[in-house]
Structure formats: structure tokens, C-alpha cells
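I have placed the structure first, in the form of C-alpha cells, so that the comments after it can refer back to it.
The values are calculated or read from the model by the stated rules, or taken from the named source; none is laboratory data. Quick caveat: nothing in here was measured; it's all calculated off a predicted structure. Backbone-built Cβ (ideal geometry, glycine too); neighbour counts: all protein chains shown. When the accessible area is computed, the model is the full protein with side chains, heavy atoms only, and any ligands, DNA or RNA have been set aside. Shrake-Rupley method; radii C 1.70, N 1.55, O 1.52, S 1.80 Å.
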Amino acid sequence: MSATFIGMPGNFPKNSAQAVQNSQLRYNLRKATHTIRGKRASVVGELPDWQELRAAGKAIKDETLRHLDRYLLQLEEAVTAAGGHVHWARDAAEANRIVAGLVKATGEREVVKVKSMATQEIGLNEALAAEGITAYETDLAELIVQLGDDFPSHILVPAIHRNRAEIREIFLDRMEDAPPGLTDEPAALAEAARVHLRERFLRSRVAVSGANFMIAETGTLVVLESEGNGRMCLTLPETLISVVGIEKVLPTWRDLEVFLQLLPRSSTGERMNPYTSTWTGSAEGQDFHLVLLDNGRTDVLADEVGRQALRCIRCSACLNVCPVYERAGGHAYGSVYPGPIGAILTPQLRGMGSELDASLPYASSLCGACYEVCPVAIDIPEVLVDLRAKAPHGAAERAGMRVAGWVLNDQARLAAAQRAATRLRGLVPRRLPGPLSAWTDTRDLPDIPEESFRDWWEREG
Amino acid sequence: MSRSAREDILARISRAVDGAPEVEIPRRYRATARVDDLVGLFTERVGDYRAIVHVVPEAEVPARIAGIVAGRRMVVPDGLPAEWTPPDASDAGPADPYTADGVITGCAVAIAETGTIVLDTGPGQGSRAQTLVPDYHLCVVRADQIVAGVPEAVSRLDPIRPLTWISGPSATSDIELNRVEGVHGPRTLEVLVAVS
């Protein structure tokens, strides 16, 4: 990736207003999200106990978070006992320093990477580049994004905004060994990536990954993937460095029986993803380092409503059903975490200090489709509403809300206001003047009745 | 003297969750799935991933293997049962995975509902590199290794061993979210289910 999202200008309404003008983007997103929705619905429908799995997944994550300190210590002990090394990082800068130091200690200047949200979040590739280390993304979609000098726009499929013809163009322009007669057949594009990365896999001595799950009880890390680039990176290099958010821990090995059913079906809409790798400490003689990353997670954990966002297993089902995401695309969210989950995770991880981050809780119609499909039952609308209350509001809006609160909080004041409105009903304008017209142009003012319900009830009752 | 990152993070966590309610984990999902025909469901689901799958009587497995791998230089991992070892492989010794045409293995467990085979690097299953680098993987699954669902498989496996769960050939959904088989892992997966 050429740049990180941190400090991206703009706000969600502006970004999305631009994005919806891009008809190619809207077409690509609609096609892709509708394909995956159908697949997910069909494989989820196959399991008679989906809701029971979902309830268990939610509770296992809540239990983990409730005793996160204990489970992290247990994990550290198990990984260390199995020959691995555990490092702790308070923030992005600290994590990047640790990884750069570990890579330099091997004497290598190149690393291969498995797709990882945590390393994107901390801008690891850029930090390594600043230290003279080149990071090569090996996931096909990440490769498309990296070669295209682009930003990821989806958690699972970072290049979802690109169609096959655009991907072909990027490969022909930027991949030095792309075959000249490359077609836009997905199989041909995948083959070109296979050939391009083959030598790199066999040559690389250091790999960087994330992990989907870490098991406290056994010290086992788990990575789910499709292409085999994960297996290549996790298996062949002599040194493996995994950067993982502290919330990814699960208490017991048995808990995997729940998440290995929830994640693939929610994510790619398959009964099982092609490859899942698990390893404990130093597997087959590998030098293994685990970097545990906080980077704002303990702030999220401290929020009683918002902490449920830490249950997220990054499946992206909420993106695929979201009417807002489908039209605005992932870039509008200005974060590696787009869509509904991004709208609640980003403002909590980064705070709402920037205009962009303060606008994210409004990037939703609150329709609730995201909550319905979430495999760990994160009530995204609930968190959005809570964040809206916490977001900064303008002086005029705060004054207006104070007046409304004063009126609505008292029966007599409300009745007086309603009677006044009834008397003035002929004079209420349909359209407000000046900048206020932006409000009335997109809303219908309800008709004010001749008599309020309260007055009618008093008269008739 | 400032505190270490580890102490800092642990202290922040304990402050953050102070007073949060305790959690009960309801495990009302199926611990064992009811499947009448394990072999039938497993082969159907493996086939859905566009892997090649055959059901073969145990006694005929050696001949089928010999026929399938004829003309291919196969990696033969340590501990592969002698009767599964291709006839011309024994004197040449195990082939180098980087130049071999394919690899032949057994497995640790297989899952009917998801069409998954799991390798744990045990006898006859090879190292992780041996089953990854060659472009072709032939896996022999004994019918009694097939369990119905994911929970049964998890309970049979040893987390200390490095595990590889394989569901079909290498694939990607990165182009327009359509599944395409064949990226970095073996592009062809062939499964022989040995039934008695």
C-alpha cells in the first residue's frame, strides 16, 4: 500500500457524494456485494443451529473481553512454552518499531506478507519502507491494491472496487513479468499472480502475518485464507512475525468449533475456506514472534456500549448487506475498516477529533441489516446512535436540542407549544430560507392537525 | 522509570473491564451432527469445491493409486503406508517438493459437512512444505476418519501439532467475488476415499 488512511481529509458525506458519481464503482460494488450476499444466505441457511452458534460466538467473545488480561497472560505463557517470543505494543509506532527491529536482526531487507488488517491499521508497510525494508503483499487483492497505488476498500476483498478489466490493466502496467497477451479472465489473472509471486515465496526468509484467532489455553494461532499465499508465508520462511490485536484471543481450543463455522460462511459464503493453518509457537523449527497490539483497543474496551465492536471477527458480512456501503464504496470511510463495522470501530479507535472520524457515526440509515447478519451479534445501530450522541455538535444544534428538551420534558409546556402550533398552522412555511433550505428540501414537514391528540382526548375521554 | 508496554496494556484492560458483568457461554449448538451417509456427504461436499473425488474399496486402493500417479514424480512422505506407496517411488526415495509433480498423503481427520481434510504432519502426511509446494495433491482418506461436523474434528485434533485444513484446491474470490480455483497452493486436489 502506498499510503495509509491516517489523516485523510474530507468527511463521509463529501466522500460519498463524490463516490456515487462513479458509475463504474457502483456497478462493481453492486455486482460483487449481491453475489456474496446470495452465497452467504445459502450456506448459513444450511445450518439448523446458526442462531445457537451466533449466541455462543457472541458470549465467547464477551467472556474473552471480560477477562482479557488473564487470557493474554495465559496466551503469552503458552506461546513462550512452545518456543515462541511474545512482544507487547501500546500503539502503532511501537508495533512498527518492534517489527522493523526483528526484521533487521535477521539481516534481511525484504518480507512477504499475508493479508492482515492489523498491519494495515498501523501502516506497517510504510514504516518498514522508511527503515529500508520492502514489504511484498501476497494476497491477490492486496497485490492489486499495492500495484495500483490504491487504497483497500473492503475488509475481505480489498480490491472489490476493481473489475476484471481494470485488474488486467494494472497487471499489464505495473507487473514487470505480466504475460503480454494477458486476458481479463479471472483464471488468467490468478495465474499471472501465481507466477509473479512464486519465486518470491521460495526466496523469502522473513514473513509477516496477522491472525484470525489466538487460543489462550494452547498458544495456538489460526489463519484462514483461500489462495495458499498464507500457507506459503506461514510455512516456508525461517522467521515468522505475527502482529495481532489483543482482542483476537479465544479462551479454549474448543472455541474454534464455533468460529470455524461462523467465519467462513459469513465471510466468503463458503462452507469452509480452502485453507486454514494453525501453529503453536515455533512450528517445524521456525523462529516465531507474536506482537500483541493495543493501538486504541483498551479505550474501546472501556466503553460499555462501544466495547461490543471488539467482538468483530472481520468477516465483512455487514459491508456486503449495507445499502450505504453498496453505494458509497469503501474509500469514503477513510479507514482500513470501512462499512458499518468501520463506522463504529474507526471513531472509537482513533477518536472523533477529525472531521472525517466525527462524521462516520452518521454513515448509516440505521436499517439494522448489519446487526442481522453479524455472526457475533454486534448491535451496530445501537453503537452508532451512542456515538452520534458523543460526537461533537455545533452550537446552534446544541441550543436547539436544549430548547426541544425543555419543551418535551414538561406536559404543560408541550401542550402550550402544540396549541401555539395549531393556531399558527396556516403560517408554517413548506420551505425554510437560506442555508436552512438544505434541511427542508430533503424532508416533508408533517401536517399540523387542527387539534392535538392530547386536547382531543381531554375533550372526548 | 516508565512501565513496560505489557504492564501498561494489562493495567488499562483491568481498569476498562472493572465492574463489567460476568458472562455465561450457551453451547446449545450441535456438538455432533446427525449424518446417515458420511462417505456420501463428504464426497459430495469435496466435489462442490471442484476437487476430484473417488470412492474406492480398500483392497483396490493400491492399484488406483498406481494408476493415478503413473508418470508423475511424487513426493512420498515418511510413514506413508507401504500399500499406498506408488510402485516406482520406493527405490528413488522421497522426491524434492520443489521439483516434484505432486504429493501423496493420508490425513488426520476429514469433515463431511464441510468437505474438509485436515493434515497434522503426522506419519504419512508430510511436512507443511511437502503438501504445499507441489502443484498436485493426492489425499487418501479412510472412511473411518470422516466425522460429521466441525466440533467432532476439533475435538479429535491435537493443537500442539501444526494443522492444515484443506477444503478443495487453492482458490481466490478476489476478482468480482467469484471463486476461481488455482492460485498458490496445489491447483489440483484429488481425494481417494477408502471404504471397507
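Values for this structure:
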| read-out | value |
| --- | --- |
| Qualifying residue in region B:1-10 (condition: farther than 30 Å from residue A:66 by Cβ and either free of Cβ contacts under 8 Å to residues at least 60 places away in the same chain or open to solvent by 20 Å² or more (accessible area, probe 1.4 Å) (or both)) | yes |
| Tabulated pairs, region A:37-62, first at the interface with chain B (Cβ under 9 Å from one of its Cβ atoms), second of a type in the set (Phe, Trp, Tyr), C-beta under 8 angstrom, 6+ apart or interchain | A:49/B:29; A:52/B:29; A:53/B:29; A:56/B:29; A:60/A:259 |
| Whichever residue in region B:113-158 is among the hydroxyl-bearing types (Ser, Thr, Tyr) and in contact (Cβ under 8 Å) with a residue 12 or more places away in the chain and, among such residues, is farthest from residue B:55 (Cα to Cα) | B:127 |
| Leading residue by the ranking (farthest from residue B:10 (Cα to Cα)) among those in region A:84-114 that are within 14 Å of chain B (Cβ to nearest Cβ) and open to solvent by 50 Å² or more (accessible area, probe 1.4 Å) | A:97 |
| Leading residue by the ranking (farthest from residue A:171 (Cα to Cα)) among those in region A:118-132 that are surrounded by fewer than 20 Cβ atoms within 10 Å (Cβ to Cβ) and either outside the structural domain of residue A:244 (by TED's automatic domain parsing) or of a type in the set (A, V, I, L, M) (or both) | A:130 |
| Condition check for residue A:211: closer than 22 Å to residue B:163 by Cα, part of a loop (DSSP other than H, G, I, E, B) and touching a strand residue (DSSP E or B) at 6+ places or on another chain (Cβ under 8 Å) | yes |
| Conditions (1) open to solvent by less than 50 Å² (accessible area, probe 1.4 Å); (2) in contact with a Leu (Cβ under 6 Å, 6 or more places away or on another chain); number of the one not met by residue A:197 | (2) |
| Checklist (1) in a loop (DSSP other than H, G, I, E, B); (2) within 9 Å of another protein chain (Cβ to nearest Cβ) applied to residue B:126, failing item | (2) |
| Condition check for residue A:202: assigned to a helix (DSSP H, G or I), away from every other protein chain (no Cβ under 12 Å), open to solvent by 20 Å² or more (accessible area, probe 1.4 Å) and among the hydrophobic types (A, V, I, L, M, F, W, C) | no |
| Residue match in region B:85-96 (condition: hydrophobic (A, V, I, L, M, F, W, C), more than 30 Å from residue A:67 (Cα to Cα) and outside any loop (DSSP other than H, G, I, E, B)) | yes |
| Search result, residues across region A:319-359 that are among the hydrophobic types (A, V, I, L, M, F, W, C), farther than 17 Å from residue A:267 by Cα, at pLDDT 95 or above and crowded, with 24+ Cβ neighbours inside 10 Å | A:343, A:344, A:345 |
| Only one of A:327, A:350, A:314 that is of a type in the set (Lys, Arg) and closer than 19 Å to residue A:393 by Cα | A:350 |
| Single residue of region A:133-144 satisfying the filter (open to solvent by less than 30 Å² (accessible area, probe 1.4 Å) and β-branched (Val, Ile, Thr)) that is nearest to residue A:161 (Cα to Cα) | A:144 |
| Members of region B:137-164 that are over 25 Å from residue A:36 (Cβ atoms), crowded, with 22+ Cβ neighbours inside 10 Å and more than 7 Å from chain A (Cβ to nearest Cβ) | B:137, B:138, B:139, B:140, B:141, B:146, B:147, B:153 |
| Any hit, region B:182-189, residues being free of Cβ contacts under 8 Å to residues at least 24 places away in the same chain and of a type in the set (S, T, N, Q) | no |
| Residue match in region A:415-435 (condition: touching a residue at least 40 places away in the same chain (Cβ under 8 Å) and within 27 Å of residue A:459 (Cβ to Cβ)) | yes |
| Selection within region A:278-297 - more than 22 Å from the chain's Cα centre (by Cα), facing chain B (nearest Cβ under 7 Å) and of a type outside the set (A, V, I, L, M, F, W, C) | A:278, A:280, A:284 |
| Among the residues listed as B:173, B:167, the single one being within 11 Å of the chain's Cα centre (by Cα) and either within 7 Å of chain A (Cβ to nearest Cβ) or crowded, with 20+ Cβ neighbours inside 10 Å (or both) | B:167 |
| Close pairs (6 angstrom Cβ cut-off, 6 or more residues apart or separate chains): more than 7 Å from chain A (Cβ to nearest Cβ) and of a type in the set (Gly, Ala, Ser) in region B:21-32, outside any loop (DSSP other than H, G, I, E, B) and surrounded by 13 or more Cβ atoms within 10 Å (Cβ to Cβ) anywhere | B:31/B:151 |
| Residue ranges of helices (runs of 4 or more DSSP H) in region A:371-461 with at least 1 members of a type in the set (Gly, Ala, Ser) and loosely packed, with under 11 Cβ neighbours inside 10 Å | A:380-390, A:395-408, A:411-423, A:437-440 |
| Residue pairs meeting the criteria (Cβ under 8 Å; at least 6 apart or on separate chains; first within 13 Å of chain B (Cβ to nearest Cβ), in region A:298-323; second among the aromatic types (Phe, Trp, Tyr) and open to solvent by less than 10 Å² (accessible area, probe 1.4 Å)) | A:319/A:325 |
| Of all residues in region B:34-56 being in contact (Cβ under 8 Å) with a residue 24 or more places away in the chain, out of contact with any helix residue (DSSP H, G or I) (no Cβ under 8 Å at 6 or more places or on another chain) and not in a helix (DSSP H, G or I), the one that is farthest from residue B:194 (Cα to Cα) | B:34 |
| Considering residues of region A:149-181 that are acidic (Asp, Glu) and part of a loop (DSSP other than H, G, I, E, B) only, the residue nearest to residue A:316 (Cα to Cα) | A:150 |
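The rows are residues; the columns are (1) in contact (Cβ under 8 Å) with a residue 60 or more places away in the chain; (2) closer than 20 Å to residue A:333 by Cα; (3) within 12 Å of chain B (Cβ to nearest Cβ).
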position	(1), (2), (3)
A:141	no, yes, yes
A:146	yes, yes, no
A:151	yes, yes, no
A:181	no, no, no
